[in-house]
Structure formats: structure tokens, C-alpha cells
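So the structure is just underneath, and the comments pick up after that.
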Amino acid sequence: MSADPNCIFCKIVAGQIPSKKVFEDEELLAFHDIHPIAPVHFLIIPKLHIPSMAQLAPEHERLMGKIMMLAPKLAFEQGCLPYPEGGFRLLCNTGTGGGQEVHHLHVHVMGGPRPWKRG
Ligand code: 5GP
Ligand code: ZN
């Protein structure tokens, strides 16, 4: 599962398509969704081209844990309101039936004052 030349998010990782970055390290990238449905709406992706959660293998356990640990930190930094009145929503669409349009694993992080647009 190395970079897929036809994958939009691999192109974002490679800097071939611009993005508004929220966070980057050697394994992960977070960037604003191009069509936000909430005041805060960004995506966290592994740089590795894993098509979806359906392809997760034991060696990805630490990486997925890292995404889950990063989500609240970035969410509050990006303007999600404090817990418990505020908070945020995580969404990981998996497969076409699950609403996945970009087949490079990504976790949506959404928050901020309501109302939100319908996704
Ligand atoms: P999915 O439906 O696969 O869970 O969500 C894919 C998300 O990626 C959508 O919310 C869509 O707006 C976002 N997206 C698609 N193409 C691009 C792009 O080129 N740049 C950015 N920043 N977001 C994108
Ligand atoms: Zn990819």
C-alpha cells in the first residue's frame, strides 16, 4: 500500500495538490476539508495509502491510535468548543456503502457552533 498515483490524498501528501494544513509529522497529515459542513472541519490521514478501515492490519494499530489521540488535541486547537457543552464529531466513512468518496483512509473531525450544514 505505497502511494497510489491516482489518489487525491496521496497527491496532497506529496504536495502535488495544495491543502490548508492543520498538522503534519512523518506519519500523519491533517488538513481542512475543501467543502466543510461545520465551522471546524478537517481530515486526519495517514501518509501511507491505506484505502479504508477495511484494509487495516495489526501493524496499523499504533498509527490508528495516534490518529485518535491527535483528534481531540487538534479539534480544540482549531476552535471546537470545550467539553461537555461543545465537543466534536469524528467520522470515518468506509466503502461506498459507508459514504466513502476518497479511498484513502481519513477521519473527519467536525465541530464548532451549530447549526452545521447537512453532510
Ligand atoms: P468521504 O466522503 O470520502 O468520507 O470524504 C472525502 C472528503 O474529502 C469530502 O468531505 C471532501 O470535501 C474532501 N475532499 C475531496 N477532495 C478534496 C481536496 O482536493 N482537498 C481537500 N482539502 N478536501 C477534499
Ligand atoms: Zn492515497
Quiz item: Among the residues of segment 30-49, how many are more than 16 Å from ligand 2 (Cβ to nearest atom), open to solvent by less than 30 Å² (accessible area, probe 1.4 Å) and farther than 16 Å from residue 17 by Cβ?
Solution: 3
Quiz item: If you take just the strands (runs of 3 or more DSSP E) that sit entirely in segment 17-65, which of them hold at least 3 residues that are within 18 Å of residue 99 (Cβ to Cβ)?
Solution: 40-46
Practice problem: Taking residue 69 as meeting all but one of (1) more than 14 Å from ligand 1 (Cβ to nearest atom); (2) open to solvent by less than 70 Å² (accessible area, probe 1.4 Å); (3) not in a loop (DSSP other than H, G, I, E, B); (4) not polar (S, T, N, Q), write down the number of the exception. | Solution: (2)
Quiz item: Is it true that residue 89 is more than 11 Å from the chain's Cα centre (by Cα), more than 16 Å from ligand 2 (Cβ to nearest atom) and without any contact (Cβ under 8 Å) to a residue 40 or more places away in the chain?
Solution: no
Exercise. Say whether the condition of being within 10 Å of ligand 1 (Cβ to nearest atom), under 21 Å from residue 70 (Cα atoms), acidic (Asp, Glu) and at pLDDT 95 or above is met by at least one residue in segment 13-24.
Key: no
Quiz item: Across segment 72-116, what is the total count of residues that are part of a helix (DSSP H, G or I) and near ligand 1 (Cβ under 9 Å from one of its atoms)?
Solution: 1
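Can you name the residue in segment 97-113 that is open to solvent by less than 20 Å² (accessible area, probe 1.4 Å) and not aliphatic (A, V, I, L, M) and is also nearest to ligand 2 (Cβ to nearest atom) among such residues?
104
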Quiz item: Taking residue 12, is it in contact with a strand residue (DSSP E or B) (Cβ under 7 Å, 6 or more places away or on another chain), of a type in the set (Val, Ile, Thr), open to solvent by 10 Å² or more (accessible area, probe 1.4 Å) and within 11 Å of ligand 2 (Cβ to nearest atom)?
Solution: yes
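The values are calculated or read from the model by the stated rules, or taken from the named source; none is laboratory data. Since the model is a prediction, treat every value here as computed from it, not as a measurement. Using ideal geometry, Cβ is built from the backbone for each residue, glycine included, and neighbour counts are taken over all protein chains shown. Note: areas computed on protein heavy atoms with side chains; ligands, DNA, RNA excluded. Shrake-Rupley method; radii C 1.70, N 1.55, O 1.52, S 1.80 Å.
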